[in-house]
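Visitor: The structure's right below; bear with me while I get my questions together.
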Amino acid sequence: MNKLKLKRILRLIFGLFLFSLGTVLIMQADLGYGPWEVFQSGLTNVLPLTIGQATILVSIIIVLLDLFLKEKIGIGTLLNMLLIGFFMDWILFSSLIPLATTIIMKIVLLISGLFTIAFGSYFYIGSGFGAGPRDSLMVSIRRYTGLPVGVSRGILEFSAAMGGYFLGGPLGLGTIVTAFGVGICIQIVFHLFSFETTQIEHEDLAETFNFCFTTKN
């Protein structure tokens, strides 16, 4: 594996860790689940699933939709489904981030979480190994509609939150802020780095494996 490929893989893993950290920061703000967590929790009210199983089910459905929309599915897409949950469990188990008990602390954790997710998205999407299932859908909306990336993400987050609410998921003030705020934060961070998601040439699984097995160290 050459140095460039290794650097991209490390960027991917670092981005996924940041995304997980941001998600936990929002959870520990204790102002309501994030939009997708609301939706996945809502699914457990109508299906015999745990929230973890619901998360996997939603990811699979979104990946199939991404394939239909001709978005590339890469190793980054698969690691997104596996590592984000692993990192979240590790961060929560380590108790590194305490549950917010004051309104100031809640706001700080919520805003920090939104920007941490935005930076995480920048790093792992920019690695070129395939965006995560939900980010691939965001890129598709951006590609087919021409809407700004922040608006595209906001549409997804709001839709997930509303769907989860009607399924009985735990929607709170933090959910609404996250639904709109994460798109804005992503827009700010991507603009800061002059990063355009549709210009990234993602590797699919076949391309990555072909490189690994045909290229000498």
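Each value in this text was obtained by applying a stated rule to the coordinates, not by laboratory testing. These numbers come from a predicted model, not from an experiment. Neighbour counts run over all protein chains shown; Cβ positions are idealised from the backbone, glycine included.
Visitor: Farthest toward the dipole's positive end in the range 3-214, which of ALA161, ASN45, ILE84, given Cβ charges of +1 (Lys, Arg) and -1 (Asp, Glu) about the Cα centre?
Guide: Of the listed residues, the answer is ILE84.
Visitor: Moving on to the next point. Across 10 Å bins from the origin, how do the percents of Cα pairs in the chain run, short distances first?
Guide: So the P(r) values, bin by bin, are 9, 33, 38, 16, 4, 0.
Visitor: Let me ask you something else. Lysine pairs in the chain with alpha-carbon atoms under 20 Å apart, 8 or more places apart or on different chains: how many are there? List each step's numbers first, then the result.
Guide: Details: LYS3/LYS216; LYS5/LYS72; LYS5/LYS216; LYS7/LYS216.
Lysine pairs meeting both conditions in the chain amount to 4.
Visitor: Put +1 on the Cβ of each Lys and Arg and -1 on the Cβ of each Asp and Glu in the chain; which of LEU205, ALA118, PHE68 then has its Cα farthest toward the positive end of the dipole?
Guide: About the Cα centre, the residue reaching furthest to the positive side is LEU205.
Visitor: Where the centroid of each part is defined by its Cα atoms, how far is the range 156-178 from the range 1-77 in Å?
Guide: Centre-to-centre distance over Cα atoms comes out at 16 Å.
Visitor: Using label points projected 7 Å from each Cα along Cα→Cβ, tell me how many nm separate SER194 and PHE14, to one decimal.
Guide: Distance between the two pseudo-spin positions: 2.0 nm.
Visitor: Take ASP30 and LEU92, extend 7 Å from each Cα along the Cα→Cβ direction, and tell me the distance between the two endpoints in nm.
Guide: Going by the 7 Å Cα→Cβ label model, 1.6 nm.
Visitor: Let me ask something else about it. Could you point to the residue in GLY146, ILE26, THR175 farthest towards the positive end of the range 3-214's charge dipole, with +1 and -1 charges on the Cβ of Lys/Arg and Asp/Glu respectively?
Guide: Result: GLY146.
Visitor: Test of the criteria: in the range 1-82, which trypsin sites (Lys or Arg not before Pro) are in a DSSP loop and have at most 11 other Cβ atoms within 10 angstrom of their Cβ?
Guide: Values: sites: LYS3, LYS5, LYS7, ARG8, ARG11, LYS70, LYS72; in loops: LYS70, LYS72.
Here the trypsin sites (Lys or Arg not before Pro) that fit, given the DSSP loop and packing criteria, are LYS70.
Visitor: Under 13 Å from the Cβ of GLU201, count the other residues' Cβ atoms, weight Lys and Arg +1, Asp and Glu -1, and hand me the total.
Guide: On the way: positive: ARG8, LYS72; negative: GLU71, GLU196, GLU203, ASP204, GLU207.
Around GLU201, the charge tally is -3.
Visitor: OK, next. List the GluC sites (Glu not before Pro) within the range 112-217 that DSSP assigns to loop and that have no more than 11 neighbouring Cβ atoms inside 10 Å.
Guide: Details: sites: GLU157, GLU196, GLU201, GLU203, GLU207; in loops: GLU196, GLU201, GLU203.
Passing both the DSSP loop test and the Cβ count: GLU196, GLU201.
Visitor: Also, I was wondering about something else. Subtract the Cα-Cα distance of ILE111 and LYS7 from 0.36 nm times their separation in residues, and report this length gain in nm to one decimal.
Guide: 34.5 nm
Visitor: Can you list which of the chymotrypsin sites (Phe, Trp or Tyr not before Pro) found in the range 160-214 are DSSP loop residues with at most 15 other C-beta atoms within 10 Å?
Guide: When the chymotrypsin sites (Phe, Trp or Tyr not before Pro) of the range 160-214 are filtered for loop state and at most 15 Cβ neighbours within 10 Å, PHE193 remain.
Visitor: Could I ask something else about it? Please give the charge dipole size of the chain, origin at the Cα centre, charges +1 on K and R Cβ atoms and -1 on D and E Cβ atoms. Round to the nearest 20 debye.
Guide: That gives the chain a dipole magnitude of about 460 debye.
Visitor: A follow-up question, please. With each label point set 7 Å from Cα along the Cα-Cβ vector, what nm distance links THR101 and ALA206?
Guide: So the label points at THR101 and ALA206 sit 5.7 nm apart.
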